[in-house]
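> A single structure is presented below for examination.
What follows is calculated from the coordinates using simple rules that are stated; it is not laboratory data. Quick caveat: nothing in here was measured; it's all calculated off a predicted structure. Cβ atoms come from the backbone with ideal geometry, glycine included; neighbour counts cover every protein chain shown.
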Amino acid sequence: MNQGRCCRLAANRILVIDDDLKIRSMLHRSLSYSGYRVFTAEDALTGWDIAQKEKPDLIILDIMLPEMNGYEFCQHWKKIMDTPVLMLTAKDEVKDRVKGLDCGADDYLVKPFALEELLARVRALLRRFSKNNGMVLKFADLEVNPETYRVRRGGRDIELTAREFDLLLMFMKHPGQVLTRERLMDSVWGYGYEGESNVLEVYIGYLRNKLEEAGEKRIIHTVRGVGYVLKE
């Protein structure tokens, strides 16, 4: 049991978003050596795409980024995911730290920083946010395991595609809460998605068909003009 837990923690995924190549390389090397799986991006938009695909356990985020700054990235990301964010910045003003925390950052480190301190903060954030890892999410007769990707309703297993699973997971994390179309699109398809305009409606249909295949009652309901809600 302990061995499995250690293996899972060693494989924690960390995304580093920083436009400074030296810092990206240093963090990639140091975090990888510490046993983490590391992804890097030089700007926020690239980082957003990687975050959507890889679902990191922690994001190390620079504030001064091209196109979209770290404040904006953090604010948008925290609306759809609870991933802990450690902000890096050259700004040491109290108002800048407050702004970062108000945008949803979970910790704040000023450049230049000691690598030992950054690694300690990474460990602390991962410990703080790992308390719910492995928990099976339940709503009515529906069960979803975020780690094993197992979905069951009324005792029967339901096979979902990765996209369907991500969409259902959003509902399971926010039961009874009306989720707007924009929030669901940003969470599952990524910020600034420019594909088919009806893709969300199509996938809601896929989910409903699979969740109601054995005659179960509908639990994903349409809130006309707003979005969707998971409720009995």
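> Charges on Cβ only, +1 for Lys and Arg, -1 for Asp and Glu, centred on the Cα centroid of the chain; of Phe129, Cys74, Met185, which one is farthest towards the dipole's positive end?
Most positive-ward Cα: Phe129.
> Let me ask something else. Considering only the other residues whose Cβ falls under 9 Å of the Cβ of Glu143, what net charge follows from Lys and Arg at +1 and Asp and Glu at -1?
Values: positive: Lys138, Arg150, Arg152, Arg153; negative: Asp141.
Taking every Cβ under 9 Å from that of Glu143, the sum is +3.
> Which lysines, on any chain, are close to Lys210 with Cα under 26 Å apart, when same-chain ones fewer than 8 places away are left out?
Lys53, Lys55, Lys138, Lys173, Lys231
> 7 Å from Cα along Cα→Cβ at both Met64 and Arg150: what's the point-to-point distance in nm?
Here the modelled spin labels are 5.0 nm apart.
> When 1/r is averaged over all different Cα pairs and the result inverted, which Kirkwood radius in Å belongs to region 137-230? Working shown, then result.
Details: mean 1/r = 0.0737 Å⁻¹.
One decimal place: 13.6 Å for the Kirkwood radius.
> Would you mind ranking Leu137, Leu115 by Cβ crowding within 10 Å, fewest neighbours first?
Values: Leu137 17, Leu115 12.
Least to most surrounded, the residues fall as Leu115, Leu137.
> Okay, next question. Please compute the modelled spin-label separation between Glu159 and Lys79, points set 7 Å along Cα→Cβ, answer in nm with one decimal.
Computed distance between label sites Lys79 and Glu159 equals 3.6 nm.
> Of Ile17, Thr148, Ile60, which is farthest towards the positive pole of the chain's charge dipole, taken about the Cα centre with +1 and -1 on the beta-carbons of Lys, Arg and Asp, Glu respectively?
Checked the options; the winner is Thr148.
> While we're looking at this one, here's another question. Output needed: percent of Cα pairs per 10 Å distance bin for region 2-129, bins running from 0 to the one holding the longest distance.
Percent of Cα pairs in each bin: 13, 49, 32, 5, 0.
> Dipole size in debye (nearest 20) for region 137-230 around its Cα centre, Lys and Arg Cβ +1, Asp and Glu Cβ -1? Spell out each step's value before the answer.
Details: 14 positive and 15 negative charges, 74 e Å.
Computed about the Cα centre, the dipole is about 360 debye.
> Which number do you get for Rg(Cα) / (2.2 N^0.38 Å) in the chain?
1.10
> Next up: Compute, for the chain, the length of the dipole vector about the Cα centre, with Cβ point charges of +1 (Lys, Arg) and -1 (Asp, Glu) only. Units Debye, rounded to 20. If you can, show how the numbers build up before the last one.
On the way: 36 positive and 36 negative charges, 190 e Å.
Approximately 920 debye in magnitude.
> Say each of Arg37 and Ala124 gets a label point 7 Å from the Cα, pointing the same way as Cα to Cβ; how far apart are those two points in nm?
2.7
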